[in-house]
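Here's the structure, in structure tokens; my notes come after.
Laboratory data are not the source of any read-out in this text; all were calculated from the coordinates shown. Note that the structure is predicted; figures quoted are calculated from it, not measured. Quick reminder, even Gly has a Cβ in these numbers, built from the backbone with ideal geometry, and neighbours come from all protein chains shown.
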Amino acid sequence: MCGSCGCSEHDHLSSPERTALEVKERILSANDRQAEVNRQLFNRAGVLAVNLISSPGAGKTFLLEKTAEWTGGRLRIGVIEGDLETDTDAERLRSVGVPAYQITTGQACHLDAFMVYEGIQHLPLEDLDLLFIENVGNLVCPAGYDLGAHLNVVLLSTTEGEDKPAKYPVAFRCADMMLVTKWDLLPYTDFDFRKAAALALRVNPKLRILKVSSKTGEGFPEWVSSLEEKGSEVWRG
Ligand code: MG
Ligand code: ZN
């Protein structure tokens, strides 16, 4: 985990700890201001911005490839990719015709609003309908950073433990939607969907839950229509 995300904030702080906490609060409020700037840029350009959060390997990039396929010809998609080191995910998306800009975060295990702002400069925002921000694969700190997105989506795959909403409640509490990915693999796993859904709804009763398979396309009509539903608020402006 990175220094800026911090861990638990103790009641009895020594003065160096107190200083560290003050620094963290300053970073967060600067981030929130930048997130607001990003949000205004998205609104002005008429772009729906969607922040994707998950553990590594939950299928974020595959979801985006397939989403581009399912919306092809109707919605113009761009992607900001966050990864620690490599730019293979952006390359993968560009190879299927999706404009994608890679941010390699180095040490930082999350994207912040400033990194997203930098990414925006490299994409044809005015020509897009949808901008996906694929966050760094991590369920911990990405949830603590407002990026200016209109929609926060958390992915949980059937190959993971269904108790993740209980273990990482903040990521699920901050999300508007949860996608249960790799639904086609369900018969080969011990994943208990009802338990996962119940745990997620316990931390966030308003969470909308969809089952999707990027492989078979199951759940994509619902996923795409929920994007269009949310997008209509931004696009008509
Ligand atoms: Mg990826
Ligand atoms: Zn982090």
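Report the net charge of residues surrounding Leu128, where surrounding means a beta-carbon distance below 14 angstrom and charges are Lys +1, Arg +1, Asp -1, Glu -1. Here the count lands on 0.
Taking other residues whose beta carbon is less than 12 angstrom from the beta carbon of Leu210, and scoring Lys, Arg as +1 and Asp, Glu as -1, yields -1.
In this structure the amide hydrogen of Ile209, modeled in the peptide plane, comes within under 5 Å of the amide hydrogens of Met178, none closer than 5 places in sequence on its chain. A cut-off under 9 angstrom between Cβ atoms defines the neighbours of Asn31, and their net charge, with Lys, Arg +1 and Asp, Glu -1, is -2. Considering only Thr158, Ala35, Gln102, the residue lying farthest towards the positive end of the dipole of the stretch 15-236 is Thr158, judged by Cα position with unit charges set on Cβ.
Computed from the alpha carbon atoms alone, the convex hull of the chain holds 125 Å³ per residue.
Taking every alpha-carbon pair under 8 Å whose residues sit at least 6 apart, the chain reaches a relative contact order of 24 percent. For the chain, how many pairs of lysine residues have a Cα-Cα distance under 22 Å, where the two are 8 or more positions apart or belong to different chains? Lysine pairs meeting both conditions in the chain amount to 25. Computed on the stretch 46-170, the Cα convex hull volume stands at 102 Å³ per residue. Charges were assigned to the Cβ only: +1 to each Lys and Arg, -1 to each Asp and Glu. The resulting dipole of the chain about its Cα centre is roughly 540 debye.
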